[in-house]
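In what follows, a single structure is set out as structure tokens and then discussed.
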Amino acid sequence: MSFIKRDLPVVISFILGIIVITQYFWIDPTLTITSTTIQGWAVVIWAFMMSIGVINIFIRETRSIISKKAGQWYYSIIIVVFLSCMILTGIIGTTNNPIYLYLFNNFNIPINQAVASLLAFFTISAAFRAFKARSLEVLVLLFSACVVLLGNVPIGSTISWTIPWTRDWILNVPNLAYSRGINAGAALGILGLGIRTLLGYQRSAYGMGAEE
Amino acid sequence: MTEKSIFSKLDNIDRRILWLIFIAFCSIPVFYPLGLPITVTKPTLDLVNAIKALPDGSKIFFEDDYTPLGHQEVTPECIAIVRLLISKKMYIVFASFYTPEAALWPPYIFNVALSKEVEAANYKYGVNYAFLGFIPGGDTSVSAFCLKIRQVANVDYYGTPLDQLPIMNNFEKIQDFNFCVTSGSTGLAGMLSQMQAPYKMPMVILCMGNDYSNMVRYYQAGAIKGLTSGLRGAAEIEMALNTPGEGMSSMDIVQGGFLLLVTFIIIGNISYFVAKYRSKPLQEGNKR
């Protein structure tokens, strides 16, 4: 039992992982076909994961409605009703169903955009009340922010040619240097994590605790 | 005391007043377009030139991956580029790998936003363009798609088998395409690592404004042929192609908003420093 629960997932991951990685470096028709088939399975598994996610939301929100969880149950009703509507209309008439499109165009898009628009209001009040040059570091940050903001819109170059020039310098020199450094570090981290997962040291990836 | 209270009041101004000023400032260009100048930056110009340089009738893979959150920013960019692709009689195949909702954008672009251009160019679905819809799996599905398209997509967005679409007879794997346009936010890194890097696929990126600083390094390194972002990107493409659209018409509002933001930062800091400077002698005086 412990082999099935503990070691088999690691063995399967190791074998499949090695096949996919090898295919990347070594061109062989059999290896390519095997790798493509494995990656095709991943797509099916991914689709299943989405279904599990939806079922999980249903169970969670239904429980919240039944137990009348304080401050949440009425939101749960909205989630369950709209989730059901989108799923049913999508299944019955595919995503080209006029009702599905109506719900998407008139609820999903405006709600998403309204949430995004709220950021503009918070940024505006933060710009006035919070972005204060209280130290030299903050002053540098503020200067960079103002230059990049103005340089991002064509009016910046109308005010002065130095604004887009400085903005490009900020983006292409300090920004690029730090982001490349961070990315190189992250890539090495991902590589290390991948090797640990394939070798079975990263137990949390298999739904097990580190101590198991 | 009166002077101090003015700056103190300004420093602690009710945020609702700021919001009202913001709404008013952004509303003016809606009714009275200001016609502020729009300049085309080099990454956008390179993007447009890279597509223009392709021979007519080239095969384009168009990946769109953005949620309704990015609709307002990225769709105008996509519309401007698709307009150019149609004018050059390109064969276009759309797919998304990271965002399920993204499958709805290509039908919107072709059936609503560019319906006149599509009709005028006599573009036919299944012959000149196709929508593969959402293919789940993220990076893994991009990788599998590159190796063998039908391994991960057997039917199109409408449920039609790919073998029944004449355009899809030309495509088995990613190397059958001449060029790739990647749009959105969520899939950019995956597309670069799974499609551009291994297959050296010529690629341009249409991203959201906040992704620009991350993506610019790929442009600098020459991994992508061109880059543009947000509504400004759409306006620049329209400017470069001389085809005014949603991007150019929205730029006054965007520019006004950005200008107001910077003005608020400056005023906020002036009031902060003046209030601080004036309160110092008082405090020192009190100590004495």
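The values are calculated or read from the model by the stated rules, or taken from the named source; none is laboratory data. Predicted, not measured: the structure shown is a model, and the values here were computed from it. Note that we place each Cβ from the backbone using ideal geometry, even for glycine, and neighbour counts take in every protein chain shown. With ligands, DNA and RNA removed, areas are computed over all heavy atoms of the protein, side chains included. Shrake-Rupley method; radii C 1.70, N 1.55, O 1.52, S 1.80 Å.
To the nearest 10 degrees, how steeply does helix B:246-287 sit against the main Cα axis of chain B, on a 0 to 90 scale?
It works out to around 30 degrees.
Hey, how much of the P(r) for the stretch B:42-249 falls beyond 24 Å, as a percent of Cα pairs?
Result: 33 percent of Cα pairs exceed 24 Å.
What total accessible area, in Å², is buried where chains B and A meet, using a 1.4 Å probe and rounding to the nearest 100?
In total, this chain pair buries about 5200 Å².
For chain A, set up a GNM with springs between Cα atoms under 10 Å and report which of A:PHE104, A:PHE14, A:PHE128 has the largest fluctuation.
In the Gaussian network model the winner is A:PHE128.
So how strong a dipole does the stretch B:42-249 carry about its Cα centre when Lys and Arg Cβ are +1 and Asp and Glu Cβ are -1, to the nearest 20 debye? Present the calculation step by step, with values, prior to reporting the outcome.
Details: 15 positive and 19 negative charges, 109 e Å.
It works out to roughly 520 debye.
Would you calculate, for chain B, the mean residue ellipticity at 222 nm contributed by helices, counting each DSSP H stretch of 4 or more residues as -39,500 (n - 2.57) and dividing by all residues, to the nearest 500?
So the calculated ellipticity at 222 nm is -16000 deg cm²/dmol.
Please compute, for peptide B:254-261, the average count of beta-carbon atoms on other protein chains lying within 10 Å of each residue's beta-carbon. Present the calculation step by step, with values, prior to reporting the outcome.
Numbers: counts 4, 7, 2, 5, 8, 6, 2, 11.
The per-residue average across the peptide is 6.
In peptide A:17-24, how many Cβ atoms from other protein chains are near each Cβ within 10 Å, on average?
Working: counts 0, 0, 0, 3, 0, 0, 2, 2.
So the per-residue partner count for this stretch is 1.
So, by mean Cβ neighbours within 10 angstrom, what's the order for B:27-34, B:93-100, B:74-81 with the highest one leading?
Put in order of decreasing packing, that is B:74-81, B:93-100, B:27-34.
Would you please put A:134-147, A:179-192 in order of how densely packed they are, using the mean number of other Cβ atoms within 10 angstrom per residue and starting with the highest? If you can, show how the numbers build up before the last one.
Values: A:134-147: 14.1, A:179-192: 11.1.
Output ranking for A:134-147, A:179-192: A:134-147, A:179-192.
Quick one: angle between helix B:15-31 and the longest Cα principal axis of chain B, in degrees between 0 and 90, rounded to 10, please.
50 degrees
Under unit Cβ charges (Lys, Arg +1; Asp, Glu -1), what dipole magnitude, rounded to 20 debye, does the stretch A:1-120 have relative to its Cα centre?
For the stretch A:1-120, the charge dipole is close to 520 debye.
Please calculate how many Å² of accessible area the protein assembly as shown carries per residue, with a 1.4 Å probe and no DNA, RNA or ligand atoms counted.
In whole numbers, the protein assembly as shown has 52 Å² accessible per residue.
How much of the accessible area of the stretch B:42-249, in percent, comes from carbon and sulfur atoms when a 1.4 Å probe is used? Write down the numbers at each step before the final one.
Values: 3550 of 7060 Å².
Heavy-atom surface of the stretch B:42-249 belonging to carbon and sulfur, 1.4 Å probe: 50 percent.
Report, as an integer, the average count of C-beta atoms from other chains found within 10 Å of each Cβ along A:107-117.
The shielding value for this peptide is 4.
Order B:LEU36, A:LEU199, B:LEU192, most accessible first, counting only protein heavy atoms with a 1.4 angstrom probe.
A:LEU199, B:LEU36, B:LEU192
Using Cα atoms only, what is the angle between the long axis of helix B:42-52 and the major principal axis of chain B, expressed in degrees (0 to 90) to the nearest 10?
Taking the Cα atoms of chain B, the angle to B:42-52 is about 20 degrees.
Do the alpha carbons of any pairs in B:LYS42/B:LYS148; B:LYS116/B:LYS173; B:LYS124/B:LYS225; B:LYS116/B:LYS225; B:LYS59/B:LYS148 sit beyond 26 Å of each other, and which pairs? Let's see the in-between values first.
Details: B:LYS42/B:LYS148 35 Å; B:LYS116/B:LYS173 32 Å; B:LYS124/B:LYS225 29 Å; B:LYS116/B:LYS225 29 Å; B:LYS59/B:LYS148 16 Å.
Correct reply: B:LYS42/B:LYS148; B:LYS116/B:LYS173; B:LYS124/B:LYS225; B:LYS116/B:LYS225.
Which of the peptides B:60-68, B:37-45, B:211-219 is most tightly packed, and how do the rest follow, judged by the mean count of other Cβ atoms within 10 Å per residue?
Ranking the peptides B:60-68, B:37-45, B:211-219 by packing returns B:60-68, B:211-219, B:37-45.
Of the candidates B:ALA53, B:ALA113, B:ALA197, which one comes out as most mobile in a Gaussian network treatment of chain B with C-alpha springs shorter than 10 Å?
B:ALA53
For chain A, what is the calculated [θ] at 222 nm in deg cm²/dmol (nearest 500), taking -39500 (n - 2.57) for each run of four or more DSSP H residues and dividing by its residue count? Let's see the in-between values first.
Values: 9 runs with 158 residues, N = 212.
Rounded to the nearest 500, the figure is -25000 deg cm²/dmol.
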